[in-house]
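Here's the structure we're looking at; comments come further down.
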Amino acid sequence: YAMAWAAIDEALRNVVAVGADPSKIAILDNFCWGNPKLPDRLGSLVRAAQGCYDAALAYQVPFISGKDSLNNEYADAEGERHAIPGTLLISAVGLVPDVEKTVTLDLKRSGSLLYLVGDSRVELGACHYLQVHGLQGGQVPQPNPKAIQTMQALHAAIQRDLIEACHDVSEGGLLVTLAEMSIAGNIGMTIDLSTLDAAYGDLFQGNWASMLFSESTGRFVVEVSEEHAPYFQTAMSSAPITHIGYVAYDQTFTVKAPPPALEALIDVSVSALEAAWRGDLTRLQRSDPPKMGTLKLPRVKLSRPDQKRVAILHARGTNRDREAFLACDVAGGDPEYVLVTDLLSGQKNLMDYHMVLLPGGFSHGDDLGAGVIWSVTMQQGLDGSLARFADDGRPLLGICNGFQVLIKAGLLPGADFLRNGKRSVTLTHNDSGRFECRWVYLRSNRNSPSLFTRKVSDLILCPVAHGEGRVAVADEATGQALWDAQLPALTYVDSSGQPVDYPGNPNGSVDGIAALTNPAGNVLGLMPHPEDHIFSWQHPRHYRKETGLSGLRLFENGIKSA
């Protein structure tokens, strides 16, 4: 019963914390349980359902759907049956009134105030602290019908732009929440538990473990700027709030004990916190934990007259356009999201751009095969403007689903590979018969005419994520013709640059071909995602000090050549 309340409460807090209106949230349930024909399983299922009912009424949130996964049981070697612990998943869908008034969990600026919002109780549940120290479990977090009032007040404060950062307090309690906010913002904080101890009188009695690890429901941690603090306190007058500390001016994460101790319980660097969070505990054994630089994504730049305009095309189902936008932005271009519907209606014109990029995704759900509908739309609906763009010598790049579009549209590898209107080179299902998602090494063909791979001497390391990415040819003569024209621009290789089979060649492409160019060299299509490795910290082994092999050069070359 208590679990059902807690699950609903946390689902609501997750969406409220980012800006959703608590009065406009709907929820779904998924019960994962054992055999409901047995009395103990059925009894616990009934109590969980009653908890769902009461919590839904208390929070005034409707269940709009749900499902169950019952009979999750197995027999041990002696034939005795065991059920999984009854588990309830609650999914919440909320309406955000204004996307400009959303909040993230990362700390924003030094000197801001940190508040604990909501009622705290001594409810350690089965928290990690107890497990580590071999202690008995504490009280299970109990329902808090007043939590909805706290959420409503917090939402009003978010709408008034009074909140810099917000994160719900859930598994692990207050300390885990604070650590996650510091890690996300890459900045430290100073927490003084004496304020929390004083706010609750005799409840905690100086027991810092209860303060830091209690898993009471209905709680948040928020960052509020100093100038907004008085207005925040007024806005939250109907809800419990406690000022617990400040955002630091350095990367030190400090938690001070309550009286009479007053010593620092925790005094570590944010990089050490991150190492622990990632499971890299060996780094914590060093006397001087490695310092990590701030990881800042560049903001979208204002356009300059000398910047090359890059159209990032978006069709229904496109989902990798943000990464493509960012890669072109970092590479020095002036990217712009361009809806295919705007091109079809005449609101936008491809010829107004210096470069066009077709990003990855599942355009139109791939209902007729990868990229087919999008390619037909681009060919017929745009009256050949995509082909004219390519014929004009302007850079045209297709990634993953975008590569499929260029192949299906006949722009790659070129007119010489069309036989009686049919393609002799295509992309088809992976040899493995399944979706492949893994990091791969790519080697550029130095003899290729592609402007995108020009002077790319190092290998490129980037991920693939596709089910239809195998380059296939009609016959050996077609494959030989590709190489005679040097149209394979990138091939799958191992870490030493040598040809490789599966899984290094994740889809089984002929001759390990990962990318194709047209004879003019201004059109490139590839299945891997170089836009997912443009920063050093995106390297999959960055935390082992490995760097390089970025895919950024492809975008830089395209923009420079535009």
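A cut-off under 9 angstrom between Cβ atoms defines the neighbours of Ala4, and their net charge, with Lys, Arg +1 and Asp, Glu -1, is -1. Using just its DSSP H runs of length 4 or more, each adding -39500 (n - 2.57), the chain gives a mean residue ellipticity at 222 nm of -7500 deg cm²/dmol after division by all residues. Summarising the overall dimensions of the stretch 154-193 from its C-alpha atoms, the Rg and Dmax are 11.6, 30 angstrom. In the complete set of protein chains, residue-level accessible area for Arg394 is approximately 60 Å², probe 1.4 angstrom.
Shape class of the stretch 314-365 from the Cα gyration tensor (axes a ≥ b ≥ c, square roots of the eigenvalues): oblate, since a/c reaches 1.5 or more and a/b does not exceed b/c.
Cys462 sits among other residues whose Cβ lies under 9 Å from its own Cβ, and their net charge, with Lys and Arg +1 and Asp and Glu -1, is -2.
Relative to the longest principal axis of the Cα atoms of the chain, the long axis of helix 147-159 makes an angle of roughly 50 degrees. In the assembled protein chains, Thr234 presents an accessible area of approximately 100 Å² (probe radius 1.4 Å). Protein-only accessible surface at a 1.4 angstrom probe places the residues Ser225, Ser237, Ser269 in the order Ser237, Ser269, Ser225, largest first. Here the convex hull built on the C-alpha positions of the stretch 494-562 has a volume of 112 cubic angstrom per residue.
With distances taken between every two different alpha-carbon atoms, the chain has a Kirkwood hydrodynamic radius of 27.1 Å. The H on the amide N of Ala489, modeled in the peptide plane, is under 5 Å from the matching H of Ala515, Leu516, Thr517, each at least 5 residues off or on a different chain. The smallest convex shape that holds all Cα atoms of the stretch 68-214, its convex hull, gives 186 Å³ per residue. Helix 552-561 versus the longest principal axis of the chain: what is the Cα-based angle in degrees, 0 to 90, to the nearest 10? Long axis of 552-561 versus the principal axis of the chain: about 50 degrees.
Note: relative contact order over the chain, using C-alpha pairs below 8 Å and six or more positions apart, is 11 percent. Among residues other than Asn445 with Cβ under 13 Å from its Cβ, the summed charge is +2 (Lys and Arg +1, Asp and Glu -1).
Across the accessible surface of the chain, with the other protein chains kept in place and a 1.4 Å probe, carbon and sulfur atoms take up 51 percent.
Between Ala415 and Asn207, the modelled label-to-label distance comes to 8.2 nm, taking each label 7 Å out from Cα in the direction of the beta carbon.
Evaluated at q = 0.14 Å⁻¹, the base-10 log of the normalised Debye intensity for the stretch 1-125, with identical point scatterers placed on the Cα atoms, takes the values -0.75. Cross-link partners of Lys37 among aspartates and glutamates, defined as those whose alpha carbon lies under 18 angstrom from its own and excluding same-chain residues fewer than eight positions apart: Asp68, Glu73, Glu80. Placing R0 at 25 angstrom, the Cβ-Cβ distance between Ser457 and Ser495 gives a FRET efficiency of 0.95 after rounding to 0.05.
Within the chain, DSSP assigns beta bridges of which about 70% are antiparallel (rounded to the nearest 5). Cα centroid separation, the stretch 408-458 to the stretch 77-108: 40 Å.
Seen from every direction in turn and averaged, the convex hull around the alpha carbons of the stretch 168-247 projects onto 5.5 nm².
A cut-off of 5 Å between modelled amide H atoms, ignoring neighbours fewer than 5 places along the same chain, links Ile25 with no other residue.
Overall, the ratio between the Cα radius of gyration of the stretch 447-562 and 2.2 N^0.38 Å, rounded to two decimals, is 1.07. Distant-in-sequence amide contacts of Glu164, defined by a placed amide H-H separation under 5 Å and a gap of 5 or more residues or a different chain, comprise Glu223, Val224, Ser225. When all protein chains stay in place and ligands, DNA and RNA are ignored, the 1.4 Å accessible-area order of Arg322, Arg219, Arg438, largest first, is Arg322, Arg438, Arg219. Measuring against 23 Å, Cα to Cα, the residue pairs Lys24/Lys101; Lys408/Lys560; Lys101/Lys256 contain Lys408/Lys560; Lys101/Lys256 as the ones spanning a longer distance. Taking a cut-off of 15 Å between Cα atoms, list the aspartates and glutamates near Lys455, but don't count ones fewer than 8 places away on the same chain. Those aspartates and glutamates meeting the cut-off are Glu556. Label point of Gln159 set 7 angstrom out along Cα-Cβ; within the stretch 33-73, amide nitrogens under 19 Å from it belong to 59-62.
Accessible area per residue was computed with a 1.4 Å probe on protein heavy atoms; Arg443 scores about 90 Å². Stretching His82 away from Leu28 to a fully extended chain increases their span by 16.7 nm, per 0.36 nm per residue minus the current alpha-carbon distance.
What is the calculated FRET efficiency for Arg316 to Asp391, with r their C-beta to C-beta distance and R₀ = 25 Å, to the nearest 0.05? For R0 = 25 Å, the calculated efficiency reads 0.40. Around the Cα centre of the chain, unit charges on the Cβ atoms of Lys, Arg, Asp and Glu (plus for the first two, minus for the last two) sum to a dipole of about 1220 debye. Compute the angle between helix 39-59 and the longest alpha-carbon principal axis of the chain, please, reported from 0 to 90 degrees and rounded to the nearest 10. Between helix and principal axis, roughly 90 degrees. A straight Cα-to-Cα reach below 20 Å connects Lys67 with the aspartates and glutamates Asp9, Glu10, Asp29, Asp54, residues fewer than 8 places away in its own chain not being considered.
The value of relative contact order for the stretch 1-87, using C-alpha pairs under 8 Å at least six residues apart, is 40 percent. Computed from backbone phi, the HN-Hα couplings of the stretch 337-354 come to 6, 10, 6, 4, 5, 5, 5, 5, 7, x, 5, 10, 10, 4, 6, 7, 10, 7 Hz, rounded to whole numbers (Karplus: 6.51 cos²θ - 1.76 cosθ + 1.60, θ = phi - 60°; Gly and Pro given as x).
The values are calculated or read from the model by the stated rules, or taken from the named source; none is laboratory data. From a predicted model like this one, the values you see are computed outputs, not experimental measurements. Cβ: placed from backbone, ideal geometry, glycine included. Neighbour counts: every protein chain shown. In case anyone asks, the SASA skips ligands and DNA or RNA and just uses the protein heavy atoms, side chains included. Shrake-Rupley method; radii C 1.70, N 1.55, O 1.52, S 1.80 Å.
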